[in-house]
Amino acid sequence: MSRTAFRTCPLCEALCGLELTLDGDRVTGVRGDAADPFSKGFICPKGATLGSLDGDPDRLQAPLIGQVEAEWADAFEAVRRGIRKVVDTYGKDAVAIYVGNPTAHSIAGPLYGSAVIKALGTRNVYSASTADQMPKHVSSGHMFGNIMAIPVPDLDRTDYLLMLGANPLESNGSLCSAPDFPGRLKALRARGGKLVVVDPRRTRTARLGEHLFIRPGTDAYFLIALVHTLFAEDLVTIGSSHLDGRVTGLDDVRALAVEFSPETVAPITGVPAQTIRTIARDLAGAERAAVYARIGTCTQAYGTLASWLVDVLNTLTGNLDRAGGAMFPKPAHTPVYRTRHRPYTTGRWTSRVRGLPEVNGELPIATLADEIGTPGEGQIKALITIGGNPVLSAPNGARLDEVFPALEFMVSVDPYLNETTRHADVVLPPPRPTQTPHYDLALLGFTVRNYARYSPPSVALPDGRPSEAEILARLAVIASGLDDGGPEALDELIIGTTLAKATEMAGSPVHGRKAAELRPLLEGTTGAELRLDLMLRLGPYGDGFGATPDGLTLRRLRDDHPHGIDLGALEPRLDEVLQTVSGMVELCPPSFAADVDRLRAGLDEERAPFVLIGRRHLRSNNSWLHNVPELVGGSNRCTLQLNPADAAGLGVAAGELVRIVSRAGTVTATAEPTDEIMPGVVSLPHGWGHSSPGTRIHVATEHAGVNVNTLTDEQEIDPLSGNAIFNGVPVRIAAVLEGLPG
Ligand SMILES: Nc1nc2c(c(=O)[nH]1)N[C@H]1C(S)=C(S)[C@@H](COP(=O)(O)OP(=O)(O)OC[C@H]3O[C@@H](n4cnc5c(=O)[nH]c(N)nc54)[C@H](O)[C@@H]3O)O[C@H]1N2
Ligand SMILES: Nc1nc2c(c(=O)[nH]1)N[C@H]1C(S)=C(S)[C@@H](COP(=O)(O)OP(=O)(O)OC[C@H]3O[C@@H](n4cnc5c(=O)[nH]c(N)nc54)[C@H](O)[C@@H]3O)O[C@H]1N2
Ligand code: SF4
Ligand SMILES: [Mo]
């Protein structure tokens, strides 16, 4: 007998509601959940094939020890021995941890990943953040004193959207959760608004609006010239806006931008000076405008400068924190009474080999191979990966593939035996998506409307099979070295501490009450549910343990709003998120101003004949959906896109092989000439290269492709954030002649 279950799609940041048809514990159909107030039935091909992913026969059903199926108890014991041995012999910094992208889409990752890190006490913490959005955190850390205060474009109300380095028609949006992003952009156009897309490729998103080619890695020049123009033409409106008196550093920014006129940056960016002026005027002239930039502007040489300048522009035009501009969402699970004003700092420690500064408690993924492969005091000897595939996703991931065998112990929490986890001594597979509860702790802070949704598991977990939350909680207990006290003790400790703090804080809904009196009021069948209930009840829409009797609790969210709850349009809330020491928006952080020297020096740098950029396809998701038959093939292929003029110059035709060579490595790929890409720019998608032996991903192996991160250079980073550079990588291209080895 078939039944229906509703849940949030866990695959990307769009957070679509899904309506599943289930036969027993098997998914037989997936549709968009029309009753979800946020996604309203929108779905993409990935969500629509969630059943195939969920039922993938290659998904690991039991833990592996040495690639052989084992009992859970034995697997945890093997991990305990492996980790303890390395800690006892070499100290706690010899254990490294890498946390990948899917952990940002789970309850388990945010709730228990940090507990594992804390329990390890290691300085060797790495994550996909330094291959992604770290520049934006650093920008917000300095400007707003709050790394999570990342404004999102108020998509549904803006009149003018300047978008850089993002392609939401393929990615479905990032650091801007907006189910049916395409529909929202079309609505912007339909209400007379304007969309300008700045991208070295004329993407599907670009075709929805006005498109501008830009040379990869030069966005900071383009953006600072916009700032220059706003000042030069007296278009800065802070003084007459709601931001008056709430911003410092205005004169410093003006001074920094003076030398970057549109004429100065036009040759390096490829954007004509007159176009830059027009955009500055349109941005300033629009009733409500927003600048939005994403991965193309983060994973480049000036990632932090570009990320910062985006919000400088939002501020200068008076669009920060106002309807139709760039706004701060108010998630249901984040209390608003905890504001602390303190300086934001990075570099509290540095990496051993390259001396790279710590950022937000992490070291750059770009230096993990150095730390594993370079002998000496403090060398990494053990690695824990949670939901990550750095062999394919990290800059020069090929080098990680080479150094992983040198580890004395490696454990991976991952459902697949893939390019990374094949190196693990123990693999701990989390359950299927349908067996997993869902609430987007990490992503609900970036929604274009305030919204919440909780999905209980759609399929019961078999007895003895731990949830991912339990797997991570056990790892935390193992890492702490305390063998007594299971995961429950960890949850109670965290709940007790949070409640105690909340009762002491003025402004909290439970101020003055007793933690011991509140604890029994929490409801939930697991530690994760109890902690989520706690967060929701202390949150801005919560019941405050009775203070607001009809407020949210986990039970109400689950039972009264099974399709999610719309908590309204975004509202101004700058003062709630600002945590700078000055209590103002810091428009010109000194370290950013100093990095402008590098920007200046870059004006005279010699340009490579070809630079490489990345590419996403609607049916991929980084490295790990290539094992779903419906999602591979057709246009989702690992080809090298290049401009037809460049192809002609190189003497290659469509379908022929080309060799791509960088400082880091060499790959051979099939050429796909297209005039959608700028001359001098070539593009290879990431996440491919599934030809390693010892993996268990049969479909992906048949569609192997090549690993673009053989070419990307781990020795080059954005210095302020430590972020990887995937765009603007200098490469040489040559035709592979028939009969000659590739
Ligand atoms: N289908 C699909 N969806 C995904 C993912 C996926 O792999 N596949 N991955 C998910 C993840 S982890 C993330 S972080 C998000 C990312 O979401 P987006 O940021 O929207 O990512 P992309 O689609 O790669 O779009 C980046 C765009 O930047 C352009 N670009 C490259 N270099 C430059 C440059 O120097 N300057 C400018 N202005 N543009 C540049 C590229 O041509 C590309 O069109 O997507 C998420 N969603
Ligand atoms: N050249 C280039 N490289 C890039 C990028 C680019 O644009 N260009 N993009 C970068 C970006 S934005 C990102 S976010 C990173 C991603 O970097 P990673 O997170 O390292 O890579 P993914 O391919 O997302 O790997 C996800 C892993 O999680 C596993 N997994 C899937 N579901 C679950 C689950 O429920 N629980 C657990 N524990 N594991 C699960 C998968 O099997 C896979 O092994 O890649 C980066 N790399
Ligand atoms: S857009 Fe993202 S959240 Fe929506 S169905 Fe597709 S993968 Fe899932
Ligand atoms: Mo990402």
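The values are calculated or read from the model by the stated rules, or taken from the named source; none is laboratory data. What you are looking at is a predicted structure, and each value in this text was computed from that prediction instead of being measured. Heads up, the Cβs are rebuilt from the backbone with ideal geometry, glycines too, and the neighbour counts pull from every protein chain shown. Areas reflect the complete protein model, heavy atoms only, side chains present, ligands, DNA and RNA absent. Shrake-Rupley method; radii C 1.70, N 1.55, O 1.52, S 1.80 Å.
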Loop-only trypsin sites (Lys or Arg not before Pro) in the range 456-530, please: DSSP not H, G, I, E or B, and at most 12 other Cβ atoms within 10 Å.
514
Between residue 350 and residue 668, what FRET efficiency comes out of the Förster formula 1/(1 + (r/R0)^6) with R0 = 41 Å and r the beta carbon distance, rounded to 0.05?
0.65
List the relative contact order of the chain as a percent without decimals, with contacts defined as Cα pairs under 8 Å and 6+ residues apart.
19 percent
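Which value, in nm² and rounded to one decimal, describes the direction-averaged projected area of the C-alpha convex hull of the range 608-735?
Numbers: hull surface 33.6 nm².
Quarter of the Cα hull surface area: 8.4 nm².
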Whole-Hz Karplus couplings 3J(HN,Hα) for the range 248-255, θ = phi - 60° and coefficients 6.51, -1.76, 1.60, Gly and Pro as x, run 10, x, 4, 5, 5, 5, 4, 5
For the chain, with every protein chain kept in place, what is the accessible area per residue (1.4 Å probe, Å²)?
36 Å²
Would you please give the FRET efficiency between residue 645 and residue 569, computed as 1/(1 + (r/R0)^6) with r the Cβ-Cβ distance and R0 = 41 Å, to the nearest 0.05?
0.30
Using R₀ = 22 Å, calculate the FRET efficiency as 1/(1 + (r/R₀)^6) where r is the Cβ-Cβ separation of residue 560 and residue 523; round to 0.05.
0.95
Distance in nm between residue 341 and residue 255 label points, each 7 Å along Cα→Cβ, equals 2.4 nm
Cα convex hull volume per residue for the range 272-413 (Å³):
190 Å³
Restricting everything to alpha-carbon atoms, can you work out Rg to Rh for the chain with a Kirkwood hydrodynamic radius?
0.95
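Expressed in nm to one decimal, what extension gain is obtained for the pair residue 275 and residue 654 from 0.36 nm per residue of sequence separation less their Cα-Cα distance? Write down the numbers at each step before the final one.
Values: separation 379, 0.36 × 379 = 136.44 nm, distance 3.33 nm.
Once the chain is fully extended between residue 275 and residue 654, it gains 133.1 nm.
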Please report the antiparallel percentage of the DSSP beta bridges confined to the chain, to the nearest 5.
50 percent
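For residue 547 and residue 598 in the same chain, what is the full-extension length gain: residue separation times 0.36 nm, less their Cα-Cα distance, in nm? Kindly include the intermediate steps, with their values, before the conclusion.
Numbers: separation 51, 0.36 × 51 = 18.36 nm, distance 5.31 nm.
This chain segment gains 13.0 nm when fully extended.
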Kindly provide log₁₀ I(q)/I(0) values, in the same order as q = 0.12, 0.24 Å⁻¹, from the Debye equation applied to equal alpha-carbon scatterers of the range 1-55.
-0.23, -0.86
Once amide H atoms are placed 1.01 Å from N in the peptide plane, what residues at a sequence separation of 5 or more from residue 451, or on another chain, have their amide H within under 5 Å of its amide H?
332, 567
Could you list, in their original order, any pairs among 136/501; 46/136; 40/186; 92/118 whose Cα atoms are separated by more than 22 Å?
136/501; 46/136
Apply the Karplus parameterisation 6.51 cos²θ - 1.76 cosθ + 1.60, with θ equal to phi minus 60°, to every residue of the range 494-506 and state each ³J(HN,Hα) to the nearest whole Hz, in sequence, with x for glycine and proline.
5, 4, x, 5, 4, 5, 4, 5, 4, 6, 8, 8, 4
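Restricting to the range 608-735, what percent of DSSP beta bridges are antiparallel, rounded to 5?
Working: 17 of 25 bridges.
If I count the DSSP bridges inside the range 608-735, around 70 percent turn out antiparallel.
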HN-Hα couplings for the range 260-265 via Karplus (6.51, -1.76, 1.60; θ = phi - 60°), in whole Hz with x for Gly/Pro, come out as 9, 6, x, 5, 5, 8
Given the Cα-Cα distance of residue 489 and residue 28 and 0.36 nm per residue of separation, how much length would full extension add, in nm?
162.1 nm
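Loop-only GluC sites (Glu not before Pro) in the range 325-385, please: DSSP not H, G, I, E or B, and at most 15 other Cβ atoms within 10 Å. Intermediate values should be presented prior to the final figure.
Working: sites: 358, 362, 371, 377; in loops: 358, 377.
Taking the range 325-385 and a limit of 15 other Cβ atoms within 10 Å, the loop GluC sites (Glu not before Pro) found are 377.
For the range 486-563, how big is Rg over Rh, using alpha carbon atoms and the Kirkwood form of Rh? Could you put the intermediate results ahead of the total?
Numbers: Rg = 12.1 Å, Rh = 12.6 Å.
Expressed as Rg/Rh, it is 0.96.
Express the carbon and sulfur contribution to the solvent-accessible surface of the chain as a percent, rounded to the nearest whole number, probe 1.4 angstrom. Mind showing how you got there, number by number?
On the way: 13840 of 26580 Å².
Ligands and nucleic acids excluded, carbon and sulfur give 52 percent.
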Check: C-alpha center the range 437-511 vs C-alpha center the range 522-545, spacing in Å is 10 Å
Just want to confirm a number: the relative contact order over the range 560-688, from Cα pairs under 8 angstrom separated by 6+ residues, in percent.
27 percent
